[in-house]
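Presented below is the structure to which this report refers.
The values are calculated or read from the model by the stated rules, or taken from the named source; none is laboratory data. Source: prediction; values computed, not measured. Quick reminder, even Gly has a Cβ in these numbers, built from the backbone with ideal geometry, and neighbours come from all protein chains shown. The accessibility values were calculated without ligands, DNA or RNA, using every heavy atom of the protein model including side chains. Shrake-Rupley method; radii C 1.70, N 1.55, O 1.52, S 1.80 Å.
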Amino acid sequence: MKTRILKYLCALPLLVSCNGGILGGGNADEPKATPLVETGELSAVQTKAFVLPRFGRFGSFRIIGIEEHGKHIQPGDSVIQLDPADVTKYIVDRETALESQLASLEKMLVNQENRDSEAESTIKSELATYELRKLTLETAQFESERTRKIKELEFQQATIQLNLAKRKLELNAIINENDLKIQQIRVNQIEKDIRHAYDIIPQLTVRSTMPGIFQIAWNRRTRQLFQIGDEVGHANTMAYVPNLTWMKVKTQINENDFLRIHEGDKVLVRLDALPEVAFDGEISDIGLFCHPKDWSNPRHKVFDVEVRLLVSDERLKPGMTVSCEFLPTEND
């Protein structure tokens, strides 16, 4: 009986090791981690957006010409033409106002010259009166005291009048200088407005600065692509030109899988339209913040992830749906 029990105890470690791997330390039967696959959308690494800037007082423009959606374009090609009618009308109005202000400036200069001439004539007249009253006062020393008093008062009055005339001339010079500055500022401002308006006109012909495929943006008012006749407001995006040489994928990763990936990890990207072909890629950016994937289910949290394609292929187009198979590094 004891011999049978000893044989059983000797065989037990071997059985445990084979079945559970407890004593043998084996992990051949441990379940492997499920592949990490997420869907995403292709976009160009480099994209030129045509956004209407603010041109001073001009808040919106009408499209009078736009390139065909999906057309290949080259740098320098004209892609959008905006209506310059409002700018042209503004230039005409400001040029008319400039002529009026220049005429006012010329009239002001003539009036100032006439006032200066009148002031100088007044000074000459008052100076002559002053000299006469002074001479009369000097010759009245042998006359009665009453007469001398009158002559002194007349001389004082002539002195006052002469000083007033000189002061008036000085004040006229100051007033003329200030009036001239104000009028010159008005003229300069109008000239500046005209130059600015002329500078706007060439910018209303929008040209591409890079090669790519021309994509017309959506008009949020009409919920259609922008077309001829539509009004474009300040800061509105009118079109895009993605450079199709290099593409990237915008996707998301579940918060539970966040620690399984790192920047630089390899990714296999497959087009939904061509699932049998895998394109090599790598993680180029991982979002810093976790956010709900869908606000209707705020408990489902994700991180934004960007995958850069390592190959260039004409079959990769912006907007195509892809699946990304993440290949974590071995030390993960």
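For a straight C-alpha distance cut-off of 25 angstrom, the lysines reachable from residue 293 (same-chain residues fewer than eight places away being disregarded) are 248, 250, 266, 301, 317. Can you classify the stretch 186-307 as rounded, prolate or oblate using the Cα gyration tensor, where a ≥ b ≥ c are the square roots of its eigenvalues, rounded means a/c under 1.5, and otherwise it's prolate if a/b beats b/c and oblate if not? Judged from the Cα gyration tensor, the stretch 186-307 comes out prolate (a/c at least 1.5, a/b above b/c).
Overall, the chain carries a charge dipole of about 860 debye about its Cα centre when +1 sits on the Cβ of Lys and Arg and -1 on the Cβ of Asp and Glu, all other atoms neutral. Heavy-atom accessible surface of the chain, averaged per residue, reaches 66 Å², computed with a 1.4 Å probe. Measuring nothing but protein heavy atoms, the accessible surface of the stretch 60-179 at 1.4 Å probe radius is 51 percent carbon and sulfur.
Farthest towards the positive end of the charge dipole of the chain, among the residues 190, 137, 258, is the Cα of 258, using unit charges on the Cβ of Lys, Arg, Asp and Glu. Under 5 Å between amide hydrogens, built in the peptide plane, is the criterion, and for residue 239 it picks out 50, 217 among residues at least 5 positions away or on other chains.
Rounded to whole numbers, the Karplus 3J(HN,Hα) couplings from phi for the stretch 34-45 are 5, x, 9, 10, 9, 8, x, 9, 6, 8, 7, 5 Hz, using 6.51 cos²θ - 1.76 cosθ + 1.60 with θ = phi - 60°, and x at Gly and Pro. The alpha carbon gyration tensor of the chain gives principal lengths a ≥ b ≥ c with a/c of 1.5 or higher and a/b greater than b/c, which makes the shape prolate. Using only the alpha-carbon atoms, how far is helix 2-20 inclined from the longest principal axis of the chain? Give it as 0 to 90 degrees, nearest 10. Here the helix axis deviates by roughly 40 degrees.
Which order, highest average first, do 166-176, 126-136 follow once you tally other Cβ atoms within 10 Å for each residue and take the mean per peptide?
Details: 166-176: 13.3, 126-136: 15.5.
In descending order of packing, they fall as 126-136, 166-176.
Counting charges near residue 180 (Lys, Arg +1; Asp, Glu -1) among other residues having Cβ under 15 Å from its Cβ returns a value of -1.
Using C-alpha pairs below 8 Å separated by at least 6 residues, the relative contact order for the stretch 197-316 is 24 percent.
Suppose a student asked you for the relative contact order of the stretch 33-162, using Cα pairs under 8 Å spaced at least 6 residues apart; what percent would you report?
On the way: 48 pairs, mean separation 19.9, N = 130.
15 percent.
The equivalent ellipsoid that matches the C-alpha gyration tensor of the stretch 101-242 spans semi-axes of 77, 13, 10 angstrom, in descending order.
Close amide H partners of residue 225, meaning residues 5 or more places away or on another chain with modelled amide H under 5 Å apart, are 219.
A simple rule links phi to the HN-Hα coupling: the Karplus curve 6.51 cos²θ - 1.76 cosθ + 1.60 with θ = phi - 60°, which for the stretch 252-258 gives 9, 10, 5, 4, 6, 9, 4 Hz, with x for Gly and Pro. For the stretch 172-283, a crude dipole built from +1 on the beta carbon of Lys and Arg and -1 on the beta carbon of Asp and Glu, taken about the Cα centre, is about 300 debye to the nearest 20.
Sequence-distant contacts, meaning Cα pairs under 8 Å at least 6 residues apart, place the relative contact order of the chain at 29 percent.
Given the -39500 (n - 2.57) contribution per DSSP H run of 4+ residues, what per-residue ellipticity at 222 nm results for the chain, rounded to the nearest 500 deg cm²/dmol? Rounded to the nearest 500, the figure is -15000 deg cm²/dmol. Amide H contacts for residue 285 (H built 1.01 Å from N in the peptide plane; partners 5 or more residues away or on another chain; cut-off under 5 Å): 306. For the stretch 20-166, the number of Lys pairs separated by eight or more positions or lying on different chains, with C-alpha atoms closer than 20 Å, is 6. If you run the Gaussian network model on the chain, springs between alpha carbon atoms under 10 Å, then out of 241, 79, 277 the most flexible one is 277. For the stretch 283-288, 3J(HN,Hα) computed residue by residue from phi via the Karplus equation (6.51, -1.76, 1.60; θ = phi - 60°) reads 6, 9, 7, 10, x, 8 Hz, glycine and proline entered as x.
Kindly provide the Kirkwood hydrodynamic radius of the stretch 272-332 in Å, to one decimal, from all pairs of distinct alpha carbon atoms.
About 14.1 Å, per the Kirkwood formula over Cα pairs.
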